[in-house]
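A.B. asks: Here it is: the structure, laid out below.
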Amino acid sequence: MAFTENNTLGRGRKLGSTNVATTSIKQNLQMLVENNMETLDTDLKALSPKDRIKAITDLCKFIIPTLKQVDAEVTNTTDLTFLDQFSETQLQILLENS
């Protein structure tokens, strides 16, 4: 049977519904961190500066969303710059009035 939109007999969650298992894991992990904040702080302070920075940056991956790399190609459609569109006398007038 081919996939049809709004099929209620198919597998999977409805669009926009939350994953209960993921939500539960996130809540338990948040409680674990909140309950051990002082221990984590002490452990981080015991690390060398290099290891402390690595640990903090590794933990940031779970807090701050990671950005995706985007490749962009910029093409110049004309060889003229903004100032090339003005004549020498127009540029002189602009300079004198500024």
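A.B. asks: Where a Cα-Cα gap under 14 Å defines reach, which aspartates and glutamates qualify for Lys50, not counting those fewer than 8 residues away within the same chain?
C.D. replies: List returned: Asp58.
A.B. asks: Under 23 Å Cα-Cα from Lys14, which lysines qualify once same-chain neighbours fewer than 8 residues away are excluded?
C.D. replies: Once the sequence-local lysines are set aside, what remains near Lys14 is Lys26.
A.B. asks: A follow-up question, please. Ignoring ligands, DNA and RNA, how do Phe86, Phe62 rank by accessible area with a 1.4 Å probe, largest first?
C.D. replies: Heavy-atom accessible area, descending, gives Phe62, Phe86.
A.B. asks: For labels at Thr42 and Thr23 in the simple 7 Å Cα→Cβ model, what's the distance in nm?
C.D. replies: 3.6 nm
The values are calculated or read from the model by the stated rules, or taken from the named source; none is laboratory data. These numbers come from a predicted model, not from an experiment. Cβ atoms come from the backbone with ideal geometry, glycine included; neighbour counts cover every protein chain shown. Only protein heavy atoms, including side chains, enter the accessible area calculation; ligands, DNA and RNA are left aside. Shrake-Rupley method; radii C 1.70, N 1.55, O 1.52, S 1.80 Å.
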